[in-house]
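So the structure is just underneath, and the comments pick up after that.
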Amino acid sequence: METLSFEFPAGQPAQGRALVGCVGSGDLEVLLEPGSVGSLTIQVVTSVNGSAARWQQVFERMFRAQSLPALNISIHDFGATPGVVRLRLEQGLEELSHA
Amino acid sequence: MHDANIQRLLAQRSFTELGARQRARALLDADSFRELIDPFARVMSPWLARQGIVPQADDGVVVGKGLLDGQPALIVAIEGTFQGGSLGEVGGAKIAGALELAAEDNRNGTPTRAVLLLETGGVRLQEANLGLAAIAEIQAAIVELRQYQPVIALIAGPVGCFGGMSIAAGLCSYLLVTREARLGLNGPQVIEQEAGVDEYDSRDRPFIWSLTGGEQRYASGLVDAYVADDVEPIRQQLIALFRQGKPALQRSRQHAWFLERLQGVDTSIQADAAAVRRAYQGEQP
Amino acid sequence: MSSTIEQRGRSWFHALVGAAAPVAGLPASLLVADAELAGQPVRYLAVVADAGNSFPRARNGEVGLLEGWGLAKAVDEAIQADAGSPHKRALIAIVDVPSQAYGRREEAYGIHQALAGAVDSYARARLAGHALVGLLVGKAMSGAFLAHGYQAQRLIALRDPGVMVHAMGKAAAARITLRSLEELEALAACVPPMAYDLDSYASLGLLWETLAVAEIAQPTAEDIARVQDCLGQALADIAGGAKDLRGRLGAANRAASSRVRELLRAQW
């Protein structure tokens with residue numbers, strides 16, 4: 001298990017918060033909460049060691065295409081594939097937009 | 001197919017496919033669910049991380065308050081996907097503490113009732129003795145609350161209900177199961193480990209289901225209702241049982257009847273589903 | 001070795017009960033008798049090995065179908081007998097239970113319900129005003145302990161390597177958690193709730209008292225007197241106090257259990 005931290009530029013703080021997923025095999029839990037202006041922080045606790053570069057890549061790819069609100073995101077990962085990570089993050093952002 | 005059937009199928013909404021939080025929300029009156037110690041409070045297991053195991057923000061237990069049939073209700077749902085629904089210190093204390101407060105409500109004149117949605121293998125072995133202690137307290141709290149209001153447990157599946165929590169289920173005023181439910185004290189793997197494969201083959205799924213599956217438990221009178229995997233009928237069944245009130249004599253108080261039945265069992269041969277149904281047929285007190 | 005441990009419950013039962021006649025109408029694997037302690041009526045209960053048990057997986061002192069329902073009956077009879085009396089006899093569970101019974105018959109006939117029967121009676125007795133004490137003289141394992149002892153307001157453990165509280169034996173626990181026995185033991189050494197020793201268990205705050213004796217398998221007169229004295233103190237400590245299990249909260253190694261309850265109360 002290891003704990004990783006990431007930060008990306010962002011806009012105004014998000015409204016509301018959201019939770020998606022579950023810490024089950026091949027899945028992950030994502031908690032999204034409003035962050036400080038201009039900053040998107042992500043803390044990842046993952047069962048897979050040595051995966052920092054892979055997470056960095058997933059986040060960069062996702063956040064390149066869209067401008068995001070300021071968020072603090074916590075992830076508890078139980079061996080999810082990049083595809084599942086992306087899906088859960090999209091679900092979380094989608095829920096936030098309805099919050 | 002008749003229109004009515006089509007309408008019914010369209011309206012059907014699987015309960016077992018829902019996560020713990022959705023289950024809890026779905027069974028309470030619309031928009032009445034309020035979660036206590038929600039995941040954003042991040043009250044997580046103090047024991048898992050130091051063993052290199054990723055925790056979950058709610059420790060796998062959802063505790064909510066709200067209304068059911070217009071009455072104050074506590075609902076507890078265990079998330080079977082996280083660590084097999086196993087109970088550690090935090091999740092166990094959430095359940096025990098909430099039941100204790102529901103009993104206190106009743107002593108103070110608020111008729112809070114409780115529904116337990118059980119998907120659990122029992123004690124979380126990484127927190128062994130604290131899980132076991134919490135389960136003893138959950139059991140104590142069920143017996144205490146049961147004096148005032150029915151405590152109803154539902155085992156929906158797919159995890160089922162095992163270990164100390166199967167004993168807790170046996171203490172409830174009413175117990176509901178679906179076809180996807182299993183109920184037993186010992187998990188198949190543990191029995192095989194302790195007693196050998198001839199006694200219990202943990203890989204023989206049809207055999208295990210024939211003895212511990214929801215349908216068999218209902219046919220043997222060890223649970224009170226056998227419900228379809230459909231949200232609204234489950235909710236209606238809960239409401240009907242709460243309206244019925246406390247049972248005349250809890251199943252867990254029927255020692256005279258069970259001892260008499262067990263004395264009639266031929267224990268020189270192995271048990272099978274039909275023998276259990278035969279032994280437990282007939283009027284229960 | 002195991003036979004010595006299995007007889008501990010029996011030895012202590014006879015040592016504490018003395019000449020009192022056992023209660024009839026119970027399975028042979030249960031020893032139950034009424035006696036007096038510190039001037040108060042007391043019912044002692046023990047689960048013991050019975051080689052003739054009709055359920056073959058419950059012959060070594062395990063708590064099985066007959067034991068669960070039998071305890072339910074023995075405790076319920078005490079509740080009924082004292083229902084009209086302001087003086088409820090105390091119940092003392094002598095705990096030496098290696099495990100619940102693991103078997104096909106047990107699962108098929110609903111051992112979970114039998115154990116629920118025992119828990120039900122013990123918990124109702126406590127709520128009805130019977131003082132409830134668990135005296136740990138041997139193993140106190142998992143579902144067996146839940147059914148026999150764990151509903152007590154006060155738990156007393158004798159200091160001995162054979163006195164052990166746990167959720168699962170080591171071999172099975174290793175298999176279920178996908179660890180080697182060595183890994184499990186290494187973890188148990190630094191995670192108190194996982195440990196198998198009495199001091200680690202005591203650090204969780206669940207014991208009221210631990211007590212050293214000279215001969216745990218065959219107690220001496222002095223051992224018996226010391227244990228009786230301790231049991232008497234436990235009864236005095238319970239008298240007039242809470243009928244619940246809150247006395248177990250407060251240890252540093254169980255801080256989260258208290259914190260969760262505080263938060264629940266604040267948000268209730």
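Looking across the range C:156-172, the residues that are more than 8 Å from chain B (Cβ to nearest Cβ), open to solvent by less than 10 Å² (accessible area, probe 1.4 Å) and either in contact (Cβ under 8 Å) with a residue 60 or more places away in the chain or over 14 Å from the mean Cα position of the chain (by Cα) (or both) come down to C:156, C:158.
Residues in the range B:132-151 that are in contact with a Phe, Trp or Tyr (Cβ under 7 Å, 6 or more places away or on another chain) and buried (at least 24 other Cβ atoms within 10 Å of the Cβ): B:136 only. The condition of being at pLDDT 95 or above, more than 11 Å from every other protein chain (Cβ to nearest Cβ) and open to solvent by less than 50 Å² (accessible area, probe 1.4 Å) holds for residue B:241.
Evaluate the following for residue B:173: is it open to solvent by 10 Å² or more (accessible area, probe 1.4 Å) and of a type in the set (Ser, Thr, Tyr)? Spelling it out, it is not the case that residue B:173 is open to solvent by 10 Å² or more (accessible area, probe 1.4 Å) and of a type in the set (Ser, Thr, Tyr).
Answer yes or no: is there a residue in the range C:7-16 that is open to solvent by less than 10 Å² (accessible area, probe 1.4 Å) and either part of a strand (DSSP E or B) or acidic (Asp, Glu) (or both). Taking every residue of the range C:7-16 in turn, none turns out to be open to solvent by less than 10 Å² (accessible area, probe 1.4 Å) and either part of a strand (DSSP E or B) or acidic (Asp, Glu) (or both). Would you mind stating whether residue C:86 is under 27 Å from residue C:230 (Cα atoms) and without any contact (Cβ under 8 Å) to a residue 40 or more places away in the chain? Yes; evaluated as a whole, the condition is true for this residue. The test for being crowded, with 21+ Cβ neighbours inside 10 Å, farther than 26 Å from residue C:98 by Cα, facing chain C (nearest Cβ under 9 Å) and among the polar types (S, T, N, Q) does not hold for residue B:193. Could we say that residue A:44 is open to solvent by less than 80 Å² (accessible area, probe 1.4 Å), in contact (Cβ under 8 Å) with a residue 60 or more places away in the chain, within 23 Å of residue B:21 (Cα to Cα) and of a type in the set (Val, Ile, Thr) here? Criteria not met by residue A:44. State which residue is farthest from the other protein chains (Cβ to nearest Cβ) when the search covers only the range C:246-268 and only residues that are closer than 8 Å to residue C:205 by Cα and not in a helix (DSSP H, G or I). So the residue we want is C:250.
Evaluated against (1) at the interface with chain C (Cβ under 10 Å from one of its Cβ atoms); (2) among the β-branched types (Val, Ile, Thr); (3) open to solvent by 10 Å² or more (accessible area, probe 1.4 Å), residue B:95 falls short on exactly one condition, (3). Kindly provide the set of residues from the range B:48-69 that are open to solvent by 10 Å² or more (accessible area, probe 1.4 Å) and away from chain A (no Cβ under 13 Å), ordered by number. Within the range B:48-69, B:65, B:66, B:67, B:69 meet the criteria. Could you please let me know if residue C:199 is in a helix (DSSP H, G or I), free of Cβ contacts under 8 Å to residues at least 12 places away in the same chain and of a type in the set (D, E, K, R)? Criteria met by residue C:199. Scanning the range B:183-240 for residues that are closer than 16 Å to residue B:16 by Cα and free of Cβ contacts under 8 Å to residues at least 24 places away in the same chain yields one hit, B:233. The number of residues in the range B:117-133 that are closer than 16 Å to residue C:188 by Cβ and more than 7 Å from chain C (Cβ to nearest Cβ) comes to 1.
Taken over the range B:28-47, the residue count meeting the criterion of being of a type in the set (D, E, K, R), free of Cβ contacts under 8 Å to residues at least 24 places away in the same chain and either at the interface with another protein chain (Cβ under 9 Å from one of its Cβ atoms) or touching a Pro at 6+ places or on another chain (Cβ under 6 Å) (or both) is 2. Per the conditions (1) away from chain A (no Cβ under 14 Å); (2) of a type outside the set (Ser, Thr, Tyr); (3) assigned to a strand (DSSP E or B), the sole criterion not satisfied by residue B:4 is (3). Mind checking whether some residue in the range B:148-163 is part of a helix (DSSP H, G or I) and either at the interface with chain C (Cβ under 7 Å from one of its Cβ atoms) or of a type in the set (A, V, I, L, M) (or both)? No, the range B:148-163 has no match at all.
Yes/no matrix, rows are residues, columns are (1) out of contact with any Leu (no Cβ under 7 Å at 6 or more places or on another chain); (2) on the phi > 0 side of the Ramachandran plot; (3) surrounded by fewer than 16 Cβ atoms within 10 Å (Cβ to Cβ); (4) more than 14 Å from every other protein chain (Cβ to nearest Cβ):
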| site | (1), (2), (3), (4) |
| --- | --- |
| A:16 | no, yes, yes, no |
| A:51 | yes, no, no, no |
| A:57 | yes, no, yes, yes |
| A:60 | yes, no, yes, yes |
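Filter the range A:8-36 down to the residues that are touching a helix residue (DSSP H, G or I) at 6+ places or on another chain (Cβ under 7 Å), in a loop (DSSP other than H, G, I, E, B) and within 17 Å of residue A:62 (Cβ to Cβ) and list them by number. Once the filter is applied, which keeps residues that are touching a helix residue (DSSP H, G or I) at 6+ places or on another chain (Cβ under 7 Å), in a loop (DSSP other than H, G, I, E, B) and within 17 Å of residue A:62 (Cβ to Cβ), the range A:8-36 yields only A:14. Checking the conditions here, which among B:283, B:232 is open to solvent by 20 Å² or more (accessible area, probe 1.4 Å), more than 10 Å from chain C (Cβ to nearest Cβ) and at pLDDT 95 or above? Answer to the check: B:232. Candidates C:251, C:225, C:236, C:221: the one that is over 23 Å from residue B:142 (Cα atoms) and either touching a Gly at 6+ places or on another chain (Cβ under 8 Å) or of a type in the set (D, E, K, R) (or both) is C:251.
Counting the residues of the range C:174-206 that are open to solvent by less than 50 Å² (accessible area, probe 1.4 Å) and out of contact with any helix residue (DSSP H, G or I) (no Cβ under 7 Å at 6 or more places or on another chain) gives 3. Flag set for residue C:226, criterion: without any contact (Cβ under 8 Å) to a residue 24 or more places away in the chain, part of a helix (DSSP H, G or I) and within 20 Å of the chain's Cα centre (by Cα).
Elements of the type helices (runs of 4 or more DSSP H) sitting completely within the range B:180-282 and holding at least 2 residues that are of a type in the set (Lys, Arg): these cover B:231-244, B:273-279. The set of residues in the range B:91-126 being in a helix (DSSP H, G or I), modelled with pLDDT of 95 or more and more than 18 Å from the chain's Cα centre (by Cα) consists of B:101, B:103, B:104, B:105, B:106, B:107.
Looking only at the range B:169-179, count every residue that is more than 8 Å from every other protein chain (Cβ to nearest Cβ) and either part of a helix (DSSP H, G or I) or within 12 Å of the chain's Cα centre (by Cα) (or both) and tell me the total. Total meeting the criteria: 7.
The values are calculated or read from the model by the stated rules, or taken from the named source; none is laboratory data. Fair warning: this is a prediction, and the values are worked out from it, not measured in the lab. Every residue, glycine among them, receives a Cβ derived from its backbone with ideal geometry; neighbour counts consider all protein chains shown. We work out accessible area using only protein heavy atoms, side chains counted, and drop any ligands, DNA or RNA first. Shrake-Rupley method; radii C 1.70, N 1.55, O 1.52, S 1.80 Å.
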